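What follows is one structure encoded as structure tokens, with my remarks underneath.
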Amino acid sequence: MKNSPAKFKESLQEGFLVLLWRQWRTLGIAAYSPETKQLIDLEALILATAIAAEQDQRLWTAVIRWLACFQNWVNQARLKRMSAAFIKPDEYLKKPLIKKEIWQEVELLLSTTLSSKKTTTNTSRAKRTLTPPLLKKPPLLQLYLRGIFGVNARAELILFFLVNGEGNSNQIARETFYDQKNIYVILERWAESGFVSKESRGKQNQYSLDSGDVFLQSNISSSSFWSWPPFFQLYSRLLIAASSPPWSNDPYLLSSLFRDVYPQTARIAKATGIALPDPDLFPGEEFFNPMARALLDLSDRFQ
């Protein structure tokens, strides 16, 4: 069945919002959608929801109340570092993925200078509509680890190892949005204690989780996905383009965008086993239909 730009936009937006609702329900926001089974990255989820704030004001209002009540779980330094790609003009769309006024609402809420009156109002409302996150739920492994290690890089380090197996300090810092020096210091201390293994490979040391992972491994399946920042950046870019001229009514321009973001899409698809159509086999706007179907299938896989 052929897609039109309008149908693609409608299906993409619906899938994106369902994904967000399922993750927030797992965190305690009331919703009709079932809970997600995927690992949740809280900072990435906040960014993705800010992107969709105008598409679903009810969800955004609920998230603001959640943040007012449970902001102690948010790593604000990591959120700030991660937000850079979302609040500056996008390289393809030439405008930010998150509108300035939406992001200012988050920054104000999380700011230490926020007035106590507004905080109290949001918190009292939140207590009537939210339930505290149940940290033993497998998708909330990030928060569970933060409960053990604190809201710092250690939680994301362990998550990286559980999902990816091994990595060097540069790779881990880049993919977890932390300072490389900080990651290196933690890894070296863990290697000295025997918590991680260290193996020299050329100019880089490779680290892997050596012990203490048995009680965590049950929360990780072979299909666990945790690369949410690039996923949300890709899909928000597609959603904004599909909703905005000149792309919204032009399958040729959307096909061109699909080709531009093909490398990023391929990296995400590789983690799921979904095959993407070869752009060389579909000239011009002929690429729109097969790639649109693949992108929607990929989005559905993460529900």
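The values are calculated or read from the model by the stated rules, or taken from the named source; none is laboratory data. All figures in this text were calculated on a predicted structure; none of them were measured in a lab. Here the Cβ positions follow ideal geometry from the backbone for every residue, glycine too, while neighbour counts run over all protein chains shown.
Here I87 meets the list (1) in contact (Cβ under 8 Å) with a residue 24 or more places away in the chain; (2) surrounded by 16 or more Cβ atoms within 10 Å (Cβ to Cβ); (3) in contact with a helix residue (DSSP H, G or I) (Cβ under 7 Å, 6 or more places away or on another chain) almost entirely, failing just condition (1). Of the helices (runs of 4 or more DSSP H) lying entirely inside region 1-86, the ones with 1 or more residues being within 12 Å of the chain's Cα centre (by Cα) are found at 5-26, 42-51. Is it the case that region 260-279 has a residue that's in contact (Cβ under 8 Å) with a residue 24 or more places away in the chain, part of a helix (DSSP H, G or I), aliphatic (A, V, I, L, M) and out of contact with any Gly (no Cβ under 9 Å at 6 or more places or on another chain)? Yes, because at least one residue in region 260-279 is in contact (Cβ under 8 Å) with a residue 24 or more places away in the chain, part of a helix (DSSP H, G or I), aliphatic (A, V, I, L, M) and out of contact with any Gly (no Cβ under 9 Å at 6 or more places or on another chain). Among residues of region 219-238 being at pLDDT 55 or above and outside any helix (DSSP H, G or I), the one that is surrounded by the fewest Cβ atoms within 10 Å (Cβ to Cβ) is S221. Within region 136-148, the only residue that satisfies the criterion of being more than 14 Å from L159 (Cβ to Cβ) and either without any contact (Cβ under 8 Å) to a residue 40 or more places away in the chain or buried (at least 19 other Cβ atoms within 10 Å of the Cβ) (or both) is K136.
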